[in-house]
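Okay, structure first, notes after.
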Amino acid sequence: MGMEGEELTEQETALYDRQIRVWGADAQRRLSKSHVFVGGMKGAVAEFCKNIVLAGVGSLTLADDRPVNEEALWANFLITPDESVYAGKSVAEVCCDSLKEFNPMVHVTIEKGNISSFDEEYFNKFDIIVISCCSLETKNLINEKCRGLLKRVGFYIVDCKGSCGEIFVDLKTYTYSKKTEGETLECQLRYPSYEEAVAVPWKRLPRRMSKLYFALRVIEKFEQAEGRNPGETSEVDLPGVLKLRKELCGAHDVAESFVPESLLARLVTDTREFPPVCAILGGILGQEVIKAISGKGDPVKNFFLFDVMDGKGKVEDVSPFK
């Protein structure tokens with residue numbers, strides 16, 4: 001990796017020539033010295049990994065001990081459907097082999113073990129942490145470990161639930177440069193943790209807020225209450241989910257219609273990742289991570305929500321600091 005001020009090698013300059021023209025040599029140098037950790041190799045994460053490996057991060061560490069099965073194959077294009085290739089291997093191992101072929105200059109490795117047991121010192125090795133398909137407890141736990149570090153580690157959650165998806169971003173206190181009308185401005189943003197963000201009373205949020213945000217909070221709380229893994233819901237759960245919607249809307253002092261039943265019904269039945277949504281989420285997340293590493297461009301603060309039915313993504317700022 002070399003020292004901070006080291007220039008790009010001739011090989012790097014040649015390989016990344018086109019993107020250096022887009023975001024400059026300094027941004028590419030920062031990228032090539034960055035270390036990214038990913039926990040949970042679902043479809044949206046596979047798309048993200050492809051994007052940042054091609055962009056030229058320094059290293060990528062993958063953690064997902066699940067054995068490869070039909071469910072793992074569904075939306076993850078990094079896993080070949082050839083059973084003789086993946087037999088006896090974990091999802092992370094197979095994805096690691098595929099990603100190395102995308103860009104031999106990126107150091108791709110795997111980490112074994114339950115990510116919620118990794119300590120702060122472990123996460124301190126990285127610049128970016130991305131997790132997917134985790135319980136609410138694990139999301140909060142890893143986010144707090146990242147926030148406890150002296151250096152700023154960008155923390156992201158990405159999840160695709162059927163035809164819907166969400167990205168959460170926490171960059172703690174983040175300074176970046178932004179060009180407007182010929183001059184460069186220095187901007188600063190203060191991010192809340194995931195726990196702080198989802199605790200913001202719904203009544204305080206904008207009236208035109210994405211309904212998907214609230215629906216995903218209901219599903220997340222339902223999975224927590226029932227001890228389910230993310231995505232382990234089906235049509236038979238809808239009555240229980242609607243009961244929880246009533247409780248949550250009551251606690252937040254909003255009408256039940258605040259969270260549409262039709263949207264909740266779709267989220268409990270349509271649990272398999274939809275590959276086109278994975279591609280969109282992976283593309284957006286790749287852009288966001290490149291922005292955070294390079295310090296250039298407006299980052300998302302702090303939720304990005306996408307629903308195929310709307311056909312567009314929406315950024316929502318959910319913060320207690322306003």
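The values are calculated or read from the model by the stated rules, or taken from the named source; none is laboratory data. Computed from a predicted model, the values in this text were never measured in an experiment. Here the Cβ positions follow ideal geometry from the backbone for every residue, glycine too, while neighbour counts run over all protein chains shown. Ligands, DNA and RNA are excluded from the accessible area calculation, which covers all protein heavy atoms including side chains. Shrake-Rupley method; radii C 1.70, N 1.55, O 1.52, S 1.80 Å.
Below are the figures for this structure:
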| read-out | value |
| --- | --- |
| Loop trypsin sites (Lys or Arg not before Pro), the range 119-156 (other Cβ atoms within 10 Å of the site Cβ: 10 or fewer; DSSP) | K151 |
| Antiparallel %, DSSP beta bridges [both residues in the chain], to 5 | 60 |
| Cα shape, the chain, gyration tensor, a/c 1.5 rule | oblate |
| The chain, relative contact order in percent, only Cα pairs under 8 angstrom and at least six apart counted | 20 |
| The range 75-118 - accessible surface per residue (Å², probe 1.4 Å) | 52 |
| Length-normalised contact order for the range 117-263 - Cα pairs under 8 Å, 6+ apart - percent | 19 |
| Hz values of 3J(HN,Hα) by residue in the range 170-175 - Karplus curve (6.51, -1.76, 1.60), Gly and Pro given as x | 9, 10, 6, 9, 10, 10 |
| Highest-fluctuation residue, L171, L99, L149 considered, GNM on the chain with Cα pairs under 10 Å | L149 |
| Probe 1.4 Å - accessible area at K112, Å² to nearest ten | 130 |
| Residue-level accessible surface for W23, protein heavy atoms, 1.4 Å, Å² | 60 |
| Protein accessible area in the range 198-269, 1.4 Å probe - carbon and sulfur % | 51 |
| DSSP H segments from the chain that extend 15 Å or more along their own axis, Cα-based, with Kyte-Doolittle mean of 0.5 or above | 43-55, 91-102, 275-294 |
| Three-way shape label, the range 77-128, alpha-carbon gyration tensor, a/c 1.5 | oblate |
| Fluctuation leader among V308, V218, V236 - the chain, Gaussian network, Cα springs under 10 angstrom | V236 |
| Under Karplus coefficients 6.51, -1.76 and 1.60, residue-wise ³J(HN,Hα) of the range 56-65 in Hz, glycine/proline x | x, 5, x, 8, 9, 10, 10, 10, 6, 7 |
| Cα-based shape type of the range 197-302, given that a ≥ b ≥ c are square roots of the gyration tensor eigenvalues and the cut on a/c is 1.5 | oblate |
| Calculated from backbone phi, Karplus (6.51, -1.76, 1.60) coupling profile of the range 181-190 in Hz, x at Gly/Pro | 6, x, 10, 9, 9, 8, 10, 9, 10, 10 |
| Whole-number accessible area per residue in Å² for the range 186-293, which is evaluated in the context of all protein chains at 1.4 Å | 49 |
| Choice from L238, L285, L60 with maximal GNM fluctuation in the chain (Cα, 10 Å cutoff) | L238 |
| Under 5 Å, built H, 5+ apart or other chain: amide partners of K89 | V68 |
